[in-house]
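Heads up: the structure comes next, in structure tokens.
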Amino acid sequence: MQPNVTPFFHPPTSSWTYVVSDGVSREAAVVDPVLDYDWRSGRTGTAAADAVLAHLATGGLQLRWILETHAHADHLSAASYLQASAGGKIAIGEGIRQVQATFQRVFGLGDEFVPDGSQFDRLLADGDALDLGAVRGRVIATPGHTSDGVSYLFGDALFVGDTVFMPDGGSARCDFPGGDAAQLFRSVQRLYQLPAATRVFVCHDYGPGGRAPQCQSTIGAQRASNVHLRADTVESDYVAMRRARDATLDVPNLIIPSVQVNIRAGRLPPAESDGVSYLRVPLNVLGRPL
Ligand SMILES: [Fe+2]
């Protein structure tokens, strides 16, 4: 059985969220939901997530899973909000524990934050099954961009997170703490073993050359024409290209709020005695010297 896939684009962060569902049982998963965030005011919003909820309601879909491909550094997750509204279990790759430990140090989080993955309902390992009714679902560990990276294969639909972008967009950076270009190369080789017709759904598209945002390609198209990583690309060439390119990239706009919320499965930090939730900003830690 092949799943139905409905994409949702979030223009402020160029992110794609997906609803994957089985047309018979109406069981569904949401992949990488986005919580709106205004960095000027520090306000969060639910317009993007509400569009997903409306789609679930209209289709009579039962939300089984809220799946993160990794702890994103460029947008906040709406996983917790979706769960409060529609149920389902929040899951992420088991490598999240390393990501949590790393960023507990980066942000100087106290003992209140425990880097054991317990903020999520389930931690996923390579090969784990995530069926939706008659649609077979499987986890493929794809670390490299981050150490917790996983891809989700539902029938013929593969959700790759930030392993590869659209073929003209190449691949994701590997310079975050825990990132590793050689590891990403090997993760992508695993994905390239899938049938050529496998549908590939990306987590971001920045519209290279000014084209309209796109979300879907195929394994065959990626193997033939990904500008960073074709089937015949040599690992050492890829790693050299990736490192040189990453050295030129700025820190993502929303890394500071995103990571602090996303390592908590999309929950804001606990409110302080005044009832307000605060984020922390480590000075002169992230990025390159000015
Ligand atoms: Fe990412």
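The values are calculated or read from the model by the stated rules, or taken from the named source; none is laboratory data. Treat the numbers as computed from the prediction; the structure is a model and nothing was measured. Cβ sites come from the backbone with ideal geometry, for glycine too, and all protein chains shown count toward neighbours. The protein model used for the area step is the full one, side chains on, heavy atoms only, and it has no ligands, DNA or RNA in it. Shrake-Rupley method; radii C 1.70, N 1.55, O 1.52, S 1.80 Å.
Sort through Asn253, Asn262, Asn226 and tell me the only one that's open to solvent by less than 60 Å² (accessible area, probe 1.4 Å) and within 16 Å of the ligand (Cβ to nearest atom).
Details: Asn253 fails: open to solvent by less than 60 Å² (accessible area, probe 1.4 Å); Asn226 fails: within 16 Å of the ligand (Cβ to nearest atom).
Residue meeting the stated conditions: Asn262.
When the residues of the stretch 206-223 are filtered to those that are assigned to a loop (DSSP other than H, G, I, E, B) and out of contact with any strand residue (DSSP E or B) (no Cβ under 7 Å at 6 or more places or on another chain), which remaining residue is most open to solvent (accessible area, probe 1.4 Å)?
Going through the stretch 206-223, the residues assigned to a loop (DSSP other than H, G, I, E, B) turn out to be 206-207, 211-215.
Narrowing the set further to residues that are out of contact with any strand residue (DSSP E or B) (no Cβ under 7 Å at 6 or more places or on another chain) leaves 206-207, 211-212, 214.
Working: Tyr206: 132, Gly207: 11, Arg211: 54, Ala212: 69, Gln214: 83 Å².
Per the criteria, the residue is Tyr206.
What single numbered condition from (1) more than 26 Å from Leu249 (Cα to Cα); (2) part of a helix (DSSP H, G or I); (3) within 16 Å of the chain's Cα centre (by Cα) fails to hold for His55?
Of (1) more than 26 Å from Leu249 (Cα to Cα); (2) part of a helix (DSSP H, G or I); (3) within 16 Å of the chain's Cα centre (by Cα), only one is false for His55: (3).
Give, as residue ranges, the strands (runs of 3 or more DSSP E) completely inside the stretch 10-49 that count at least 3 residues that are open to solvent by less than 40 Å² (accessible area, probe 1.4 Å).
On the way: elements: 15-21, 27-31, 34-38, 43-45.
Output list reads 15-21, 27-31, 34-38.
Take the residues in the stretch 91-133 that are acidic (Asp, Glu), closer than 27 Å to Asp156 by Cβ and modelled with pLDDT of 95 or more; name whichever of them is nearest to the chain's Cα centre (by Cα).
To start, the set of residues in the stretch 91-133 that are acidic (Asp, Glu) comprises 94, 111-112, 116, 121, 126, 128, 131.
Narrowing the set further to residues that are closer than 27 Å to Asp156 by Cβ leaves 94, 121, 126, 128, 131.
Applying the additional criterion that residues be modelled with pLDDT of 95 or more yields 94, 121, 126, 128.
Numbers: Glu94: 14, Asp121: 17, Asp126: 16, Asp128: 18 Å.
Residue satisfying both the conditions and the ranking: Glu94.
Every residue, every condition in (1) within 11 Å of the ligand (Cβ to nearest atom); (2) on the phi < 0 side of the Ramachandran plot; (3) over 16 Å from the mean Cα position of the chain (by Cα), yes or no:
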{"position": "Val135", "(1), (2), (3)": "no, yes, yes"}
{"position": "Val139", "(1), (2), (3)": "no, yes, no"}
{"position": "Thr142", "(1), (2), (3)": "no, yes, no"}
{"position": "Val150", "(1), (2), (3)": "no, yes, no"}
{"position": "Ala157", "(1), (2), (3)": "no, yes, no"}
{"position": "Thr163", "(1), (2), (3)": "yes, yes, no"}
{"position": "Pro167", "(1), (2), (3)": "no, yes, yes"}
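Return the residue satisfying two criteria in turn: it lies in the stretch 169-180 and is more than 15 Å from Tyr206 (Cβ to Cβ) and out of contact with any Cys (no Cβ under 7 Å at 6 or more places or on another chain), and of such residues it is nearest to the ligand (Cβ to nearest atom). Outline the logic, then answer.
The initial filter retains those residues of the stretch 169-180 that are more than 15 Å from Tyr206 (Cβ to Cβ), namely 174-180.
Okay, now just the ones that are also out of contact with any Cys (no Cβ under 7 Å at 6 or more places or on another chain), so 174-179.
Working: Cys174: 10, Asp175: 12, Phe176: 8, Pro177: 13, Gly178: 12, Gly179: 10 Å.
Going through the qualifying residues, I end up with Phe176.
Tell me whether the stretch 93-103 contains one or more residues that are of a type outside the set (Asp, Glu) and touching a helix residue (DSSP H, G or I) at 6+ places or on another chain (Cβ under 6 Å).
If we filter the stretch 93-103 for residues that are of a type outside the set (Asp, Glu), which is where we start, we get 93, 95-103.
When the remaining residues are screened for being touching a helix residue (DSSP H, G or I) at 6+ places or on another chain (Cβ under 6 Å), the result is 103.
Scanning the stretch 93-103 turns up at least one residue that is of a type outside the set (Asp, Glu) and touching a helix residue (DSSP H, G or I) at 6+ places or on another chain (Cβ under 6 Å).
For the subset of the stretch 245-271 comprising residues that are part of a loop (DSSP other than H, G, I, E, B) and of a type in the set (Val, Ile, Thr), which member is nearest to Ala101 (Cα to Cα)? Spell out the reasoning first.
Taking the stretch 245-271 first, the residues part of a loop (DSSP other than H, G, I, E, B) are 247-254, 263-271.
Within this subset, residues satisfying the condition of being of a type in the set (Val, Ile, Thr) are 248, 251, 263.
Values: Thr248: 26, Val251: 20, Ile263: 10 Å.
Looking at residues that are part of a loop (DSSP other than H, G, I, E, B) and of a type in the set (Val, Ile, Thr), I get Ile263.
Which of the residues that make up the stretch 63-89 are within 16 Å of the ligand (Cβ to nearest atom), touching a Leu at 6+ places or on another chain (Cβ under 9 Å) and part of a loop (DSSP other than H, G, I, E, B)? Steps first, please.
Narrowing the stretch 63-89 to residues within 16 Å of the ligand (Cβ to nearest atom): 67-79.
Subsequent filtering for residues that are touching a Leu at 6+ places or on another chain (Cβ under 9 Å) retains 67, 72-79.
Scanning the stretch 63-89 gives His72, Ala73, Asp74, His75, Ala78.
List every residue pair whose Cβ atoms sit under 7 Å apart, with the two residues 6 or more apart in sequence or on different chains, where the first one lies in the stretch 68-84 and is under 12 Å from His10 (Cβ atoms) and the second, anywhere, is more than 16 Å from the ligand (Cβ to nearest atom).
Pairs found: Leu76/Thr44; Ala78/Thr46; Ala78/Ala48; Ala78/Ala49.
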